[in-house]
Amino acid sequence: MLVSAKDMLQKAKAGKYAVGQFNINNLEWTKAVLLTAQELNSPVILGVSEGAGKYMCGYKTIVGMVNGMIDELGITVPVALHLDHGSYEGAKKCIEAGFSSVMFDGSHYPIEENIAKTKELVATCNELGLSLEAEVGSIGGEEDGVIGAGECADPKECKMIADLGITMLAAGIGNIHGKYPENWAGLSFDTLDAIQQLTGDMPLVLHGGTGIPADMIQKAISLGVSKINVNTECQLAFAAATREYVEAGKDLVGKGFDPRKLLAPGFEAIKATVKEKMELFGSVNKA
Ligand SMILES: [Zn+2]
């Protein structure tokens with residue numbers, strides 16, 4: 001059964017570790033993340049962007065697939081199914097389809113409008129027992145065509161949004177989506193510290209977890225980050241493993257063209273990436 005991300009993130013914040021959000025793209029992705037979480041006895045959040053939602057034939061298809069897998073694979077660790085960077089309309093659709101968690105990304109609205117729309121969703125999510133993530137300060141890089149410049153959030157705005165009754169708060173602290181450029185300045189721990197000082201127990205979310213050095217991840221966790229989003233890194237691992245299989249000509253040997261064989265190295269590569277992240281984030285055996 002899907003659960004809200006609230007309990008797992010409050011425990012993570014109190015225990016000074018982070019729960020990974022791993023974005024899914026298809027059946028193999030979902031199976032790889034769920035099985036790894038179960039093997040490591042770790043709570044997990046499955047992230048779905050609106051683009052990936054469309055790709056996987058809509059939110060209802062995803063809810064059916066994930067619930068089916070939890071049952072058929074005997075997954076007993078806490079699993080939240082979460083809309084990543086949702087629009088206001090997208091969030092409502094996911095709630096209707098049976099997601100257990102949504103993010104409303106109102107960071108591109110003026111703060112007043114972000115607050116008004118977030119408030120409405122807080123009421124709906126509270127009534128249904130779902131978790132809600134909000135964002136302050138646009139997070140850089142490109143995600144589903146939305147491009148931000150990698151800014152740092154205003155801690156006072158973070159406090160205003162946190163006080164609306166959301167479950168977890170994403171705040172820009174110099175992090176970006178996708179691969180980090182060579183000249184990246186690193187995370188702004190002063191900003192993160194200031195945000196945590198004002199928002200107290202609120203679990204903070206770090207987007208763009210791909211390629212942030214391990215020591216920065218650990219420092220971010222020590223300053224209140226309890227959810228870390230990983231997307232690109234699984235994509236890169238999947239693509240590299242698939243490339244290696246094809247370049248080695250393995251698809252031309254025997255029944256190597258069978259999708260169950262062709263996609264297996266990529267599947268294993270996702271599992272290895274998820275395992276590495278869960279160990280780094282400290283969520284192993286915290287289910
Ligand atoms: Zn993000």
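Here, each number is a calculation from the coordinates, and none is a lab measurement. Being a predicted model, the structure only gives us computed values, none of them experimental. FYI the Cβ positions are ideal-geometry reconstructions off the backbone, even for glycines, and counts take in every protein chain you see.
Can you name the residue in region 205-223 that is touching a residue at least 40 places away in the same chain (Cβ under 8 Å) and either outside any helix (DSSP H, G or I) or of a type in the set (D, E, K, R) (or both) and, of all such residues, is farthest from residue 15 (Cα to Cα)? By that ranking, first place goes to 208. Give just the number: which of (1) surrounded by 18 or more Cβ atoms within 10 Å (Cβ to Cβ); (2) farther than 20 Å from residue 287 by Cβ does residue 54 not satisfy? Here residue 54 clears every test but (1).
If you take the residues in region 229-262 that are outside any helix (DSSP H, G or I) and more than 23 Å from the chain's Cα centre (by Cα), which one is surrounded by the most Cβ atoms within 10 Å (Cβ to Cβ)? Out of the qualifying residues, it is 256. Of the residues making up region 1-15, those that are part of a loop (DSSP other than H, G, I, E, B) and closer than 11 Å to residue 129 by Cα are 3, 4, 5. Residue-level analysis places residue 226 among those that are closer than 30 Å to residue 152 by Cα, touching a helix residue (DSSP H, G or I) at 6+ places or on another chain (Cβ under 9 Å), touching a residue at least 40 places away in the same chain (Cβ under 8 Å) and not acidic (Asp, Glu). Flag not set for residue 47, criterion: within 16 Å of the ligand (Cβ to nearest atom), in a helix (DSSP H, G or I), of a type outside the set (D, E, K, R) and crowded, with 18+ Cβ neighbours inside 10 Å. Filtered by the rule that a residue be buried (at least 16 other Cβ atoms within 10 Å of the Cβ) and either within 16 Å of the ligand (Cβ to nearest atom) or within 17 Å of the chain's Cα centre (by Cα) (or both), region 96-117 gives 99, 100, 101, 102, 103, 104, 105, 106, 107, 114. On the stretch given as region 264-283, residues that are under 16 Å from residue 26 (Cβ atoms), in contact (Cβ under 8 Å) with a residue 40 or more places away in the chain and small (Gly, Ala, Ser) total 1. Restricting attention to region 193-212 and to residues that are of a type in the set (A, V, I, L, M, F, W, C) and within 16 Å of the ligand (Cβ to nearest atom), the residue that is farthest from the chain's Cα centre (by Cα) turns out to be 212.
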